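Quick notes on the structure that follows.
The values are calculated or read from the model by the stated rules, or taken from the named source; none is laboratory data. The shown structure was predicted, so the numbers you read here are calculated from the model rather than taken from an experiment. Cβ: placed from backbone, ideal geometry, glycine included. Neighbour counts: every protein chain shown.
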Amino acid sequence: MDSAFIIEKSVVIVAVFALTMFMAMYSTWAERKVAAFLQDRVGPNRAGWGGLLQPLADGAKLFTKEEFFPNTPNRFLFILGPAIAMSTALITSAVIPWGDKIHVFGRDVVLQATDIDVSILYVFGVLSIGVYGIMIGAWASNNKYSLMSAVRASSQMISYEVAMGLAIISILMMSGSLSLKDITEMQTTGGWNVLYQPLAFIIFLICSFAETNRTPFDLAECESELIGGYHTEYSSMKMGFYLFAEYANMFISATIISVIFFGGYHFPFMAECKEAIGMNLTALIGFLALFAKICFFIFFYMWVRWTIPRFRYDQLMHLGWKILIPLAVINIIVTGIVMVLFN
Amino acid sequence: MLEIVFYILSAITLGTAFLTVISKNAIHSAIYLVICFFSLAGHYLMFNAQFLAIVHIIVYAGAIMVLLLFTLMLMNLDKEDETSKPLLAKFSAVFSAGILGLVLIAALRKAQPENIEYVNSGVDYQSIKVLGKVLLNEYQVPFEFASILLLVSMIGAVLISKKEEKI
């Protein structure tokens with residue numbers, strides 16, 4: 001473990017952290033712009049050109065707001081809630097391969113914080129503990145609407161995690177590895193996974209809406225029934241953390257979808273490109289390709305949010321348990337049969 | 001270095017496990033238990049068992065404890081409702097748990113793992129590939145029994161939830 005290795009990894013980690021924060025920040029701006037576009041309005045346009053300084057203004061406002069504590073015996077857990085939500089939103093990005101190898105200062109640098117054997121399971125693990133932020137914070141708020149929201153959020157996340165995990169299994173059967181790097185590498189030679197597994201992709205996409213608490217599955221913060229949902233009692237930057245964590249989660253899940261189903265940093269004619277212009281430039285183009293895919297999926301999340309109305313709670317559970325899970329199981333069986341017949 | 005990490009982890013495990021038992025508030029208990037599960041995952045990582053550690057987090061911390069917290073929140077446990085158990089019941093509970101622990105230690109101490117040849121041949125027996133092979137070759141019968149056990153309990157749960165209707 002030499003010092004150059006530590007410096008290299010530190011630079012990658014800080015860059016990934018900065019990128020996640022930047023994207024989460026500008027997703028809030030993009031959300032309002034997309035909403036305005038879909039509803040034939042202008043959207044934020046006062047702070048900076050096209051409202052580009054709006055996220056900074058929001059941040060300054062949230063930081064200077066009054067810190068309000070509800071009458072709760074659990075002040076520590078009340079603070080812990082948003083902290084967990086924010087940390088779990090940020091640590092998922094550690095295993096995502098952001099690009100191919102680059103060659104700088106005489107070293108091969110891999111654009112990935114760490115490549116562990118079980119990186120997909122790591123993502124699922126972090127996802128499954130993310131709900132604690134909502135549950136603990138909402139319970140400590142001492143408010144029955146928050147509590148209802150926490151109960152909804154946890155049951156929804158647990159239900160959709162099952163379908164999500166089953167959808168991924170068919171991909172794992174094809175790749176034979178749990179590492180996101182290996183899954184990306186497999187797609188550079190064999191074509192993107194979405195071509196082979198369209199059903200798994202659709203199930204995964206629907207589940208990711210539920211996991212990130214986005215419309216049409218944002219039952220946990222359903223204003224007409226639950227005031228503000230789990231962050232009703234929160235104010236100032238603690239509420240900001242909850243909102244920010246939601247956008248960071250959206251960015252991460254868009255990244256996971258791009259990596260698993262759309263080839264990650266792969267783009268057409270990558271091998272030819274590598275011969276023509278060298279490794280570093282190809283890795284850069286690969287990163288930009290991944291980034292473009294991520295931006296498209298973030299836009300897709302927003303597009304759906306401003307198009308489809310919210311589900312009813314029983315419809316949500318019905319869709320998760322009685323439609324998506326059986327479909328995912330059928331997909332696994334069909335994948336297995338096809339793999340046995342054609343290999 | 002590893003020894004220090006082990007002692008810190010063990011202190012967290014034992015401390016939070018103790019706090020789980022003695023804390024008055026059921027939700028606090030559950031949260032301590034979650035921390036306890038995380039430190040157990042840390043112990044698995046120290047054995048270099050990445051797969052086991054992550055699955056432990058997903059299943060125990062991520063699913064079982066979330067469901068437990070969910071139920072605790074719905075039940076709305078107040079201090080007034082809490083009935084104090086008689087001393088004899090407390091004593092017998094501790095005694096039977098201790099006996100179970102004794103039996104488990106006695107059984108596991110003499111246990112011979114079937115994957116000893118993987119260890120001897122120097123294969124990375126913690127990797128998922130080898131783990132899958134061991135589970136489906138050497139340990140196939142217990143593996144299938146475990147799945148039947150889970151299936152039976154699932155059917156039982158469905159049956160209980162349906163008891164209002166005529167089946």
Checking the condition away from chain B (no Cβ under 14 Å) and more than 18 Å from A:VAL126 (Cα to Cα), which residue from A:ASP218, A:ASP182 passes?
A:ASP218
Within segment B:126-142, residues being within 15 Å of B:LEU52 (Cβ to Cβ) and within 22 Å of the chain's Cα centre (by Cα) number 8
Tell me, please, whether a residue that is free of Cβ contacts under 8 Å to residues at least 40 places away in the same chain, touching a helix residue (DSSP H, G or I) at 6+ places or on another chain (Cβ under 9 Å) and either of a type in the set (Lys, Arg) or within 30 Å of B:ALA61 (Cβ to Cβ) (or both) can be found in segment A:92-108.
no
Segment A:111-122 - residue that is within 26 Å of A:PHE241 (Cα to Cα) and of a type in the set (A, V, I, L, M, F, W, C) and, of those, farthest from the other protein chains (Cβ to nearest Cβ)
A:ALA113
Can you name the condition, by its number, that A:TYR265 falls short on among (1) within 30 Å of A:ASN71 (Cα to Cα); (2) more than 14 Å from the chain's Cα centre (by Cα); (3) crowded, with 24+ Cβ neighbours inside 10 Å?
(1)
If A:ILE84 passes every condition in (1) under 25 Å from A:PHE299 (Cβ atoms); (2) touching a residue at least 12 places away in the same chain (Cβ under 8 Å) but one, which one does it miss?
(1)
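Looking at A:GLY320, is it more than 29 Å from A:ARG152 (Cα to Cα), touching a residue at least 24 places away in the same chain (Cβ under 8 Å) and surrounded by 14 or more Cβ atoms within 10 Å (Cβ to Cβ)?
Working: more than 29 Å from A:ARG152 (Cα to Cα): no; touching a residue at least 24 places away in the same chain (Cβ under 8 Å): yes; surrounded by 14 or more Cβ atoms within 10 Å (Cβ to Cβ): yes.
Spelling it out, it is not the case that A:GLY320 is more than 29 Å from A:ARG152 (Cα to Cα), touching a residue at least 24 places away in the same chain (Cβ under 8 Å) and surrounded by 14 or more Cβ atoms within 10 Å (Cβ to Cβ).
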Counting only residues in segment A:28-42 that are of a type in the set (Val, Ile, Thr) and surrounded by 16 or more Cβ atoms within 10 Å (Cβ to Cβ), the one nearest to A:GLU246 (Cα to Cα) is identified as A:THR28
Determine, yes or no, whether A:LEU166 is surrounded by fewer than 21 Cβ atoms within 10 Å (Cβ to Cβ), at pLDDT 85 or above and among the aliphatic types (A, V, I, L, M).
no
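Which one is surrounded by the most Cβ atoms within 10 Å (Cβ to Cβ) among residues in segment A:43-76 that are of a type in the set (D, E, K, R) and in a helix (DSSP H, G or I)? Reasoning before the result, please.
As a first pass, look at segment A:43-76 and keep what is of a type in the set (D, E, K, R): A:46, A:58, A:61, A:65-67, A:75.
Still in the list and also in a helix (DSSP H, G or I): A:58, A:61, A:75.
Values: A:ASP58: 19, A:LYS61: 11, A:ARG75: 11.
Residue satisfying both the conditions and the ranking: A:ASP58.
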Quick one: B:MET1 ticks every box in (1) within 13 Å of chain A (Cβ to nearest Cβ); (2) hydrophobic (A, V, I, L, M, F, W, C); (3) closer than 28 Å to A:GLY130 by Cα except a single one, so which number is it?
(3)
Somewhere in segment A:197-205, is a residue closer than 24 Å to A:ALA83 by Cα and either at pLDDT 85 or above or within 9 Å of chain B (Cβ to nearest Cβ) (or both)?
no
Restricting to segment A:234-283, name every residue that is at pLDDT 85 or above and within 26 Å of A:MET173 (Cβ to Cβ).
A:ILE252, A:SER253, A:ALA254, A:THR255, A:ILE256, A:ILE257, A:SER258, A:VAL259, A:ILE260, A:PHE261, A:PHE262
Consider segment A:141-152. How many of its residues are more than 9 Å from every other protein chain (Cβ to nearest Cβ) and either under 23 Å from A:ASN71 (Cβ atoms) or at pLDDT 85 or above (or both)?
8
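Name the residue, out of A:GLY137, A:GLY125, A:GLY133, that is within 9 Å of another protein chain (Cβ to nearest Cβ) and buried (at least 21 other Cβ atoms within 10 Å of the Cβ).
Values: A:GLY137 fails: within 9 Å of another protein chain (Cβ to nearest Cβ); A:GLY133 fails: within 9 Å of another protein chain (Cβ to nearest Cβ).
The match here is A:GLY125.
Here is a list: B:ALA107, B:ALA17, B:ALA53. Which entry is over 25 Å from A:GLN156 (Cβ atoms), free of Cβ contacts under 8 Å to residues at least 40 places away in the same chain and touching a Gly at 6+ places or on another chain (Cβ under 8 Å)?
Numbers: B:ALA107 fails: touching a Gly at 6+ places or on another chain (Cβ under 8 Å); B:ALA17 fails: touching a Gly at 6+ places or on another chain (Cβ under 8 Å).
One residue alone meets the criteria, B:ALA53.
Okay, residues lined up against (1) more than 13 Å from the chain's Cα centre (by Cα); (2) crowded, with 23+ Cβ neighbours inside 10 Å; (3) within 14 Å of chain B (Cβ to nearest Cβ):
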site: A:PHE78; (1), (2), (3): yes, no, yes
site: A:THR88; (1), (2), (3): no, no, yes
site: A:ILE91; (1), (2), (3): no, no, yes
site: A:LYS101; (1), (2), (3): yes, no, no
site: A:VAL109; (1), (2), (3): yes, no, no
